[in-house]
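A.B. asks: Please see the structure below; I have some questions.
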Amino acid sequence: GVASVASRSASSASASPPSSVAAAAIAPSRPNRRGEASMAHTVPWHLLRTSAPLPAELVTHRLKSCDSVRRLLQLHEEHADGFNAYHASALWSRAGRLAFSEPSEREWALRNEGSAFGAVRVATAALSPQMSGRNVANASYGIWRAGLGQSDAWQPLWSSLAAAALSSADTLGTADSLQLTRAFGPLDAAGQVAVADVLTAVAKRLCDAPAGGRPLLAAASSPELVGIASAFAAALPQHGAGWVCAPLASEAARRRTELRPWQLGRLSLALSRLGEPLAADAEDLADEICTRIRHFGAHELAFLSASLSAGAPDRHPSPPRLFAAVAAHAAAAARSLDAVALAALATAFAQAPEYAGGGTGPARGAAAAAPGAAAA
């Protein structure tokens, strides 16, 4: 009897988690230093004590809460057999976030780019056909954000991601489109990756309106609209598809009264580099800028001034009243402008046909009112 009772007690003890483990299994832990809540309360207690393969959800959680790029690669190695497309996307997204926010992580990633990422590159390329549009965007953006992906060793992965992006382009959202444009835009146009095809597919997804509906671009937030325009402006000089300028300008003109000065300045610069918007849209944007020019600070004025000289004068002329408004505001705020704004102003007015050659217009007055403007 005593032996049987002891046996049952031992069996019961082995089948029940220790109180400390049970507490961890049923109670959520405190957020970590990055403010991310633990998933311990969702994990059966026996998985915390055994070497059984972890559920896919727990692997995803560990990737998303990882605190170093090196540990991310170790997690891939530990769970390689069960790694899926969502895991690959989460790994690269987290790597990009860590390398972007922590200089030491970025330094480690760049220093070990040639040796440490080979296995996960191959795995991601193999999993890319199973990726959704959002998975592809997150993975691509993470690689770009980490500063990786520029050497020839990354070409096979970029090619696989490009193919996946093209096959899932009709599922992309505005944030996905922005991420893909930023990631693929800097890639070499002469390489093996179909960069121009990806950018064209993204542009069509954003700008093509369904029958009786509005284009996806209309659903973009104002920061997303600015980011999309800037990303295309950085990418298209070498990849083409400048036709995207017109729909971007139309959307910017439609919501011009909602845009902040910095957004108007950045959009003006991006559009001037992209191509030629419709005349009516350009006029509407110029009118809005002239109305609100007094609210432009040094940085906004720098972006706006750069936009005046970014486009070819015969293709993308800026309305003379815009030059006049910028000059008047610069003259009034001259002593508060920094070197960047002064340099942008000097370049804009030096290249403007109506002011070149030392004329007597408002540009000359702005330069005279700002000590050092002419030198800049």
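A.B. asks: Treating the beta-carbon of each Lys and Arg as +1 and of each Asp and Glu as -1, no other charges, what is the dipole magnitude of the range 78-221 about its Cα centre, to the nearest 20 debye?
C.D. replies: Roughly 360 debye, rounded to the nearest 20.
A.B. asks: Please compute the net charge surrounding residue 132, taking Lys and Arg as +1 and Asp and Glu as -1 over other residues with Cβ under 13 Å from its Cβ.
C.D. replies: In short, -1.
A.B. asks: Counting only the backbone N, which residues of the range 53-91 are under 12 Å from the spot 7 Å out from the Cα of residue 107 toward its beta-carbon?
C.D. replies: Those under the cut-off are none; the list is empty.
A.B. asks: In whole Hz, with x marking every Gly and Pro, tabulate ³J(HN,Hα) for the range 59-65 from phi via Karplus 6.51 cos²θ - 1.76 cosθ + 1.60, θ = phi - 60°.
C.D. replies: Karplus-based 3J(HN,Hα) across the range 59-65 equals 4, 4, 4, 5, 5, 5, 9 Hz.
A.B. asks: While we're on this one: Per residue, how many Å² of accessible area does the range 173-282 show with a 1.4 Å probe?
C.D. replies: Averaged over the residues of the range 173-282, the accessible area is 40 Å².
A.B. asks: Let me ask something else. Given a 1.4 Å probe and heavy atoms of the protein chains only, how would you sort 154, 262, largest accessible area at the top?
C.D. replies: 262, 154
A.B. asks: Would you mind computing, in nm to one decimal, how far apart the modelled labels at residue 100 and residue 116 are, each placed 7 Å from Cα along Cα→Cβ?
C.D. replies: For the pair residue 100/residue 116, the computed spacing is 1.9 nm.
A.B. asks: Through the Karplus equation 6.51 cos²θ - 1.76 cosθ + 1.60, θ set to phi - 60°, convert the phi angles of the range 146-163 into ³J(HN,Hα) values in whole Hz; use x for Gly and Pro.
C.D. replies: Those phi angles translate into 7, x, 9, x, 8, 7, 4, 5, 8, 4, x, 5, 4, 4, 5, 5, 4, 4 Hz.
A.B. asks: Along the charge dipole of the range 174-306, pointing to its positive end and built from +1/-1 on Cβ of Lys, Arg, Asp and Glu, which listed residue (184, 285, 265) has its Cα farthest out?
C.D. replies: In the range 174-306, that residue is 265.
A.B. asks: Provide the net charge surrounding residue 168, with neighbours chosen by a C-beta distance below 13 Å and charges set as Lys +1, Arg +1, Asp -1, Glu -1.
C.D. replies: 0
A.B. asks: Tabulate in residue order the Karplus-calculated ³J(HN,Hα) for the range 194-201, using 6.51 cos²θ - 1.76 cosθ + 1.60 with θ = phi - 60°, rounded to whole Hz; enter x for Gly and Pro.
C.D. replies: Calculated HN-Hα couplings, in order: 7, 5, 4, 5, 5, 5, 5, 5 Hz.
A.B. asks: I need the calculated FRET efficiency for the pair residue 81 and residue 335, taking r as the beta carbon distance and R₀ as 51 Å, to the nearest 0.05.
C.D. replies: Efficiency at R0 = 51 Å is approximately 0.20.
A.B. asks: Report in % the part of the accessible area of the range 78-149 that belongs to carbon and sulfur, leaving out ligands and nucleic acids; probe 1.4 Å.
C.D. replies: Accessible surface attributable to carbon and sulfur in the range 78-149 totals 51 percent.
A.B. asks: Determine the relative contact order of the range 240-300: mean sequence separation of Cα pairs under 8 Å and six or more apart, normalised by residue count, in whole percent.
C.D. replies: The value is 49 percent.
A.B. asks: Counting only the heavy atoms of the protein chains, how much of residue 171 is accessible to a 1.4 Å probe, in Å² to the nearest 10?
C.D. replies: Around 80 Å² of this residue is reachable by solvent.
The values are calculated or read from the model by the stated rules, or taken from the named source; none is laboratory data. Because the structure is a prediction, the values reported are computed rather than measured. Cβ sites come from the backbone with ideal geometry, for glycine too, and all protein chains shown count toward neighbours. The protein model used for the area step is the full one, side chains on, heavy atoms only, and it has no ligands, DNA or RNA in it. Shrake-Rupley method; radii C 1.70, N 1.55, O 1.52, S 1.80 Å.
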